[in-house]
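First up is the structure itself, then whatever we jot down about it.
Every number in this text was worked out from the coordinates using simple rules, so none of it is lab data. Being a predicted model, the structure only gives us computed values, none of them experimental. Using ideal geometry, Cβ is built from the backbone for each residue, glycine included, and neighbour counts are taken over all protein chains shown.
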Amino acid sequence: MMKKSRKVLSVLLAAAMTVGCLTACGGGSKDEKSADSGKKSDVKIAIVCDSAGQNDNGYNQTAVEGAKKAADELGVEYKVVEPTNGIPAALETLAEDGYNVIFNLEYDFDALIKGVGGSEPIAEMYPDTTFVCVNDNPNVDESGNVIHDNVICALFDVHEASYIAGALGVQVLENKDVLFPAENYKFTDLDKGGRAIGFVGGTNSNGITVFSYGFVEGINKAAEDLGVNYDYYAKYDAGFADPATGSTVAGTYYNQGANLVYAVAGSVGDGVASKAKEDGKLAIHVDADKDDMQPGYILTSVIKNTSVPVFDITKAYVDGKINDIDRLQTFSLASGATDITDLTQIKNALADTDEAQAKWDEIMTYIDDLKAQIADGTIKVTNAQVGEEFDPGTCKNVTIK
């Protein structure tokens with residue numbers, strides 16, 4: 001595609017997106033956005049949200065917070081985009097408008113990396129623009145070689161945090177009668193189908209299955225250590241925007257006996273959490289600390305703090321070091337970009353007994369030990385984001401339904 005034709009297309013796209021596609025966040029000029037620090041930069045960055053939108057209280061919202069931090073501390077200009085005309089149109093328009101770094105939070109990378117409909121890849125069309133694929137690693141060929149030098153992929157070790165969440169879930173459920181006041185919950189008896197856990201994912205992609213596989217492996221670890229077996233229900237096409245869908249799916253799992261459901265599906269997870277409270281059971285949320293959304297009924301949240309890569313990669317660009325960093329950026333537990341929460345909310349829901357506190361302390365020691373084993377490499381958790389395959393046969397204490 002010639003540059004001139006691209007500009008004509010971009011003008012049309014920009015006109016359409018002005019109606020309802022682009023949302024400038026923060027308001028004012030670049031100088032106003034960086035007034036707190038007094039720094040000014042010619043760098044412009046953009047956040048392209050997924051379908052949950054910028055007010056999802058998690059994945060998208062924390063990315064926007066990272067952009068705001070970059071504006072305040074580095075003096076960059078930023079824009080937030082909620083596409084209504086597709087991801088490719090948003091990426092092209094932003095690149096044509098001179099945005100230097102564009103973060104794509106949606107699981108739609110084909111047009112950027114491969115090109116679709118006979119068009120050349122967007123990354124090739126705009127070689128001077130840095131594109132960041134968040135939560136997936138599509139920029140490698142079958143041999144593992146980087147395809148486009150101007151594309152960076154940002155991954156989180158959420159498989160490890162999910163592993164911890166899974167192990168925690170089993171430990172808590174196996175000790176629920178000691179830990180929780182009976183009058184506040186309606187758990188299914190463990191011997192009557194209660195050894196079951198559900199998972200609700202937004203889409204069947206590596207960016208979602210990476211949570212599920214780590215979660216299953218954590219469930220299996222704790223179940224094996226305790227000599228029990230668990231059933232595992234999973235749905236991978238719940239979308240990201242409709243809490244009612246989460247409530248419906250979670251309700252099905254709870255009715256089948258599950259005492260815990262993990263949601264990795266944006267606002268769909270809000271419905272899962274609400275249903276957990278309604279049914280007197282437990283949920284796990286994701287992306288940000290959402291434990292206080294339904295206090296006592298959200299066991300924990302697996303944090304994926306997208307503000308960290310947004311700020312760090314932007315800083316590398318501002319500092320002139322963007323070409324010096326690896327095209328695959330991995331954010332670990334140690335980076336502060338992923339972990340489980342501090343569990344304050346669920347701890348506040350424990351029974352006010354010495355026995356409950358002692359059991360909780362015992363579980364925390366167990367969890368800390370697992371984290372240490374992950375850190376030193378003793379425990380290896382499957383990472384679907386980098387192409388590792390999950391082998392269900394290794395989880396002998398979990399039956400995947």
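Any idea how far apart N255 and D369 come out in nm if each label point goes 7 Å out from Cα toward Cβ?
4.0 nm
Stretch N145-T353 to full length: gain in nm at 0.36 nm per residue minus the Cα-Cα span?
69.2 nm
Once phi is turned into ³J(HN,Hα) by the Karplus curve 6.51 cos²θ - 1.76 cosθ + 1.60 with θ = phi - 60°, what whole-Hz value does each residue of segment 333-346 show in order, with x for glycine and proline?
Result, rounded to whole Hz: 4, 5, 6, x, 8, 8, 3, 8, 6, 7, 6, 4, 5, 6.
Specify the residue with the greatest mean-square fluctuation among D177, D157, D391, computed from a Gaussian network of the chain linking alpha-carbon atoms under 10 Å apart.
Most flexible of the set in this elastic network: D391.
Sort Y253, Y126, Y297 so that the residue with the fewest other Cβ atoms within 10 Å of its own Cβ comes first and the one with the most comes last.
Y126, Y297, Y253
I want the local charge near F215. Using Cβ-Cβ distances under 13 Å, sum +1 for each Lys or Arg and -1 for each Asp or Glu among the other residues.
Within the 13 Å Cβ shell, the charges total -1.
Among residues other than I374 whose Cβ falls under 14 Å from its Cβ, what is the net charge (Lys/Arg +1, Asp/Glu -1)?
That sum, taken over residues with Cβ under 14 Å, equals -4.
Please compute the net charge surrounding V308, taking Lys and Arg as +1 and Asp and Glu as -1 over other residues with Cβ under 15 Å from its Cβ.
-3
Running a GNM on the chain with Cα contacts under 10 Å, which residue among N204, N220, N348 ends up with the highest mean-square fluctuation?
It is N348.
Only one of the values (i) 67, 50, 39; (ii) 108, 56, 34; (iii) 69, 46, 39 was calculated from this structure for Cα extents along the principal axes in Å; name its label.
Correct label, based on the coordinates given: (iii).
Among H159, V261, V140, flag the residue with its Cα farthest along the positive direction of the charge dipole of the chain, charges on Cβ as +1 for Lys/Arg and -1 for Asp/Glu.
Of the candidates, V140 comes out farthest on the positive side.
May I ask which of K277/K347; K277/K359; K69/K281; K371/K396; K68/K277; K79/K275 have a Cα-Cα span longer than 27 Å here?
Long pairs (Cα-Cα over 27 Å): K69/K281; K68/K277; K79/K275.
Calculate the FRET efficiency for T394 and D324 from the Cβ-Cβ distance with a Förster distance of 41 Å, rounded to the nearest 0.05.
Approximately 0.60, to the nearest 0.05.
Calculated FRET efficiency, L226 and D292, Cβ-Cβ r, R0 30 Å, to nearest 0.05?
That pair, L226 with D292, gives E of 0.55.
With axes computed from alpha carbons, what is the tilt in degrees of helix 354-375 against the longest principal axis of the chain, rounded to the nearest 10 within 0 to 90?
That works out to roughly 40 degrees.
I want to verify a result. In a Gaussian network model of the chain, Cα cutoff 10 Å, which of these has the top mean-square fluctuation: A372, A167, A234?
Result: A372 has the largest fluctuation of those listed.
Rounding to the nearest 10 and keeping the result within 0 to 90°, find how far the Cα-based axis of helix 268-279 lies from the longest principal axis of the chain.
20 degrees
Between the helical axis of 243-255 and the dominant principal axis of the chain, each derived from Cα atoms, what acute angle in degrees is found, rounded to the nearest 10?
20 degrees
Kindly put S51, S119, S267 in sequence by how many other C-beta atoms sit within 10 Å of each C-beta, fewest to most.
Sorted ascending by nearby Cβ count, the order is S119, S51, S267.
Quick query: amide H of I379 versus all other amide H atoms, modeled in the peptide plane; which residues come in under 5 Å with a sequence gap of 5 or more or a different chain?
Those qualifying (amide H under 5 Å, at least 5 residues apart or on another chain) are I374.
What's the extension gain from A244 to K40 if we count 0.36 nm per residue and subtract their Cα-Cα distance?
69.0 nm
Quick check: convex hull of the Cα atoms in segment 245-401, volume per residue, rounded to a whole Å³?
162 Å³
Can you sort F187, F240, F103 by how many other beta carbons sit within 10 Å, fewest first?
F187, F240, F103
To the nearest 20 debye, what charge dipole does the chain have about its Cα centre, counting +1 at the Cβ of each Lys and Arg and -1 at the Cβ of each Asp and Glu?
Dipole magnitude for the chain comes out near 880 debye.
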